[in-house]
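Notes for the one structure printed next.
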Amino acid sequence: MHIAIFDCLAESIQGRTLPDMFRSLIERGFDDKKERFDPSCMPISYEIYNCIAEEFPTCFTEIDAIIVTGAPNSAYDADAWIKKMHCVLRDGYNHHPKVKLFGVCFGHQTMASALLGDRGVLAEKNPKGWEIGVQRVDCAPEFLNHFPRFTNGDVTVQRSLQFIHQDHVVVPDGSLPPGWVIMGKNDMCEVQGLFQPNRVLTYQGHAEFDRHIAKAVLDMLDNPAWSGDDWQAADRIDNADYFAGLLVEFLLG
């Protein structure tokens, strides 16, 4: 499996890059499958693209999946590299049906606007403000029905993730194409991810962050609007391994 990682930060956090974190996330997802699957049967290679420098693949033939990382930018910013990314994602989705797409935070929002913008789906500032630290996500049964090992039947499953975002995705009623579903929601954000079987999976939260990375990002951004409770929330335990398992199941499906 060859995975292209669209790096939308291109700098390290506590000595780790975002591509490093996603490689680790996928390794943890495979750990969850060791009893039923030998990861050595499917070696994974990665290619990193510095999207801020407008580096993108020119050919999708050898690519099995694309990961779009988070970023301090907004999906609706006018930067040339963000506009180009929208075009590249649409090209990959529309003309290369075997390529799977996965995105988090900025990546989630960019995929939503790139692939579903013509249906009224958009990214915008959340009027409820910032979602910070480890927060609960109510994973939708209609999403988890595609991942039977991760569900308790027709019941909403609650799991937690790290968050650092002010933008959110808005999905007007009836705007999702057939087969697409919303991954989950909570009180702060109605669209915590999107899913189309065998094609697209997105998370608003940061399954790739641990508490140390999350607190380092908060320190870097140092927004005066955040409270001490926000920093404390980033220090809580999350269920990132659960979402790592979902990601690997999606990639292998």
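Brief remarks on what is shown
- Taking the criterion of being open to solvent by less than 10 Å² (accessible area, probe 1.4 Å) and assigned to a loop (DSSP other than H, G, I, E, B), the only residue of segment 108-125 that qualifies is 121.
- Criterion (part of a helix (DSSP H, G or I), buried (at least 17 other Cβ atoms within 10 Å of the Cβ), under 14 Å from the mean Cα position of the chain (by Cα) and not polar (S, T, N, Q)) met by exactly one of 218, 246, 161: 246
- Residue check, residue 172 part of a loop (DSSP other than H, G, I, E, B), more than 24 Å from residue 18 (Cβ to Cβ) and open to solvent by 30 Å² or more (accessible area, probe 1.4 Å): yes
- Given (1) of a type in the set (Lys, Arg); (2) within 20 Å of residue 199 (Cβ to Cβ); (3) open to solvent by 50 Å² or more (accessible area, probe 1.4 Å), index of the condition residue 84 fails: (2)
- Enumeration of residues in segment 14-28 that are at pLDDT 95 or above and either small (Gly, Ala, Ser) or open to solvent by less than 50 Å² (accessible area, probe 1.4 Å) (or both): 17, 18, 19, 21, 22, 24, 25, 26
- Pick from segment 29-65, criterion touching a helix residue (DSSP H, G or I) at 6+ places or on another chain (Cβ under 7 Å), part of a loop (DSSP other than H, G, I, E, B) and at pLDDT 95 or above, ranking: most open to solvent (accessible area, probe 1.4 Å): 54
- Hey, residue 75 of a type in the set (Gly, Ala, Ser) and farther than 23 Å from residue 167 by Cα or not: no
- Residue satisfying condition, being more than 13 Å from residue 132 (Cβ to Cβ), touching an Asp or Glu at 6+ places or on another chain (Cβ under 9 Å) and among the β-branched types (Val, Ile, Thr), within set 191, 248: 248
- Residue 70 passes every criterion in (1) open to solvent by less than 60 Å² (accessible area, probe 1.4 Å); (2) farther than 22 Å from residue 27 by Cα; (3) of a type in the set (Gly, Ala, Ser); (4) not in a helix (DSSP H, G or I) apart from (2).
- When 139, 105 are checked against the criterion of being within 13 Å of residue 190 (Cα to Cα), of a type in the set (A, V, I, L, M, F, W, C) and either open to solvent by 10 Å² or more (accessible area, probe 1.4 Å) or at pLDDT 95 or above (or both), 139 stands alone in meeting it.
- Scanning segment 221-243 for residues that are surrounded by 13 or more Cβ atoms within 10 Å (Cβ to Cβ) and in a helix (DSSP H, G or I) turns up 230, 231, 232, 233, 240, 241, 242, 243.
- Total residues in segment 183-215 satisfying the condition of being in contact with a strand residue (DSSP E or B) (Cβ under 6 Å, 6 or more places away or on another chain) and part of a helix (DSSP H, G or I): the figure is 2.
The values are calculated or read from the model by the stated rules, or taken from the named source; none is laboratory data. Please read these numbers as outputs of a predicted model, since none were measured by experiment. A quick note on method: Cβ atoms are made from the backbone with ideal geometry, for glycine too, and the neighbour counts reach across all protein chains shown. Just the protein is used for accessible areas: all its heavy atoms, side chains included, with ligands, DNA and RNA removed. Shrake-Rupley method; radii C 1.70, N 1.55, O 1.52, S 1.80 Å.
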